[in-house]
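Accompanying notes for the structure given below.
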């Protein structure tokens, strides 16, 4: 069977938000790119993910003409509540301490907006590509191979952007003696449900002796709620009635009294992990988003980190092609990793603060409580958490 050949400047593996955002920015700047995605468009758009955007992510969407729907349908957030059982609740007021707000806008909506923008611009997106493999990434002539509708393809390129998530092939193309992996797997998961009921006015993170709980939101008639559960649990262990009972018990009374319950339209259990792969570049291959790092969702940093990666990578590629200046591209991994580790640190500390850990001893419980007390009493701690929560500058 003959292999069909193609050529582009930047081959982007993965059609999620990171890959599509990178494709959009590069195309705006006259750089040819092709997105190769394993799943169908409908599958990509059906994936349910968080949607709390840092100030920098909001600005990135606005800077590239992608904010019309977000500004119309999203909800500006000046912060979120955190609560600890038996203690005063605290509002992380990002506007007070940083002058910046956040935006509640679902990742599914962002992906829809990106696909619409790319299709309007006749962007090249190859969905349902199977057996995607990366070749010669440490040479001057890298390329991809893949199968599509029974045909074999070879896509030659100058650079490869690996935006294909934790399980994709891009990270595996970096030799094992080069790649370093740092990981922390947490001994619990989050059981999440989606319900077509009005959400609470603000996000609420709650610590309770029975476990963590979170009240989140997607739109005025779509709510997302979570409770901490053993990682060994299955969705079948949790009826809707059991979930609502547990959520209401864990939220502070003032929040629980406002919750509108209803039948779930989606229910899933997600494990929690912290993961970083270094370096984020090898030869002509650059990793972005979940291909390079995973954060526990407690800090709401996953999508925002993917966007900051795209900001740094697009800047490097644009400077290389337009000015033949390669410094930004050569420094991509070091630059991105500084922000990655800052977000990993924040997400880890938020997870430590708000969850019940198995086998925690009395000393650790006192430290956890004291950390919350410091937040209630210290303006320095309040400013610090607001600064990290709203997002460090790109």
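Values in this text are rule-based calculations from the coordinates and carry no lab data. As the structure is a computational prediction, the values presented were derived from the model and not from experiment. Neighbour counts are summed over all protein chains in view; Cβ atoms, including those assigned to glycine, are modelled from backbone coordinates with ideal geometry.
A few points about this structure:
- Where only C-alpha atoms are counted, convex hull volume of the range 217-284 per residue in Å³: 178 Å³
- Sequence-separation-based contact order of the range 164-314, relative, with Cα cut under 8 Å and 6+ spacing, percent: 31 percent
- Rounded to 10°, Cα long-axis angle of helix 379-390 versus longest principal axis of the chain: 40 degrees
- The chain - mean residue ellipticity at 222 nm from DSSP helices (-39,500 (n - 2.57) per run, n ≥ 4, rounded to 500): -11000 deg cm²/dmol
- Counting other Cβ atoms within 10 Å as a rough exposure proxy, the listed residues 190, 244, 341 run 341, 244, 190 from fewest neighbours to most.
- Size descriptors for the range 20-142 (Cα atoms only): Rg and Dmax, in that order, 18.7, 61 Å.
- Per residue, the convex hull spanned by the alpha carbons of the range 93-176 comes to 196 Å³.
- Residue among 62, 72, 250 with the largest mean-square fluctuation in a Gaussian network model of the chain, springs linking Cα atoms under 10 Å: 72
- Helix 17-28 and the long axis of the chain differ in direction by around 50°, with both axes built from C-alpha atoms.
- As an equivalent ellipsoid, the range 74-218 spans semi-axes of 41, 22, 16 angstrom, where each value is the square root of five times an eigenvalue of the C-alpha gyration tensor, largest first.
- Helix axis angle, 240-250 relative to the chain longest principal axis, alpha carbon, degrees: 70 degrees
- For the range 66-105, the fraction of C-alpha pairs farther apart than 16 angstrom is 49 percent.
- Cα Rg over Rh - the range 17-76, Kirkwood: 0.99
- The range 296-394 has equivalent-ellipsoid semi-axes of 36, 14, 10 Å, by the square roots of 5 times the alpha carbon gyration tensor eigenvalues, sorted largest first.
- Mean-square fluctuations from a GNM of the chain, with a 10 angstrom spring cutoff on Cα atoms, peak among 310, 204, 295 at 204.
- Hull shadow area, averaged, the chain [alpha-carbon convex hull, nm²]: 20.4 nm²
- The range 124-196 - percent relative contact order, Cα under 8 Å, separation 6 or more: 21 percent
- Our summary gives the chain a relative contact order of 21 percent, counting only alpha carbon pairs under 8 angstrom and 6 or more residues apart.
- Extension gain for residue 87 to residue 248 (0.36 nm times residue separation, less C-alpha to C-alpha distance): 56.3 nm.
- For the pair residue 9 and residue 184 in one chain, pulling the backbone fully straight at 0.36 nm per residue adds 59.4 nm over the alpha carbon distance.
- The Rg/Rh ratio for the range 222-338 is 1.18, where Rg is the radius of gyration of the alpha carbons and Rh is the Kirkwood radius.
- Over the range 51-120 - Rg/Rh using Cα atoms and the Kirkwood inverse-distance radius: 1.11
- Extension gain from residue 376 to residue 270, taking 0.36 nm per residue of separation minus the Cα-Cα distance: 35.1 nm
- Size descriptors for the range 170-266 (Cα atoms only): Rg and Dmax, in that order, 17.0, 55 Å.
- Extending 7 Å from the Cα toward the beta-carbon at both residue 76 and residue 28 defines two label points whose distance is 2.1 nm.
- The chain: most fluctuating residue of 338, 301, 267 per GNM, C-alpha cutoff 10 Å: 338
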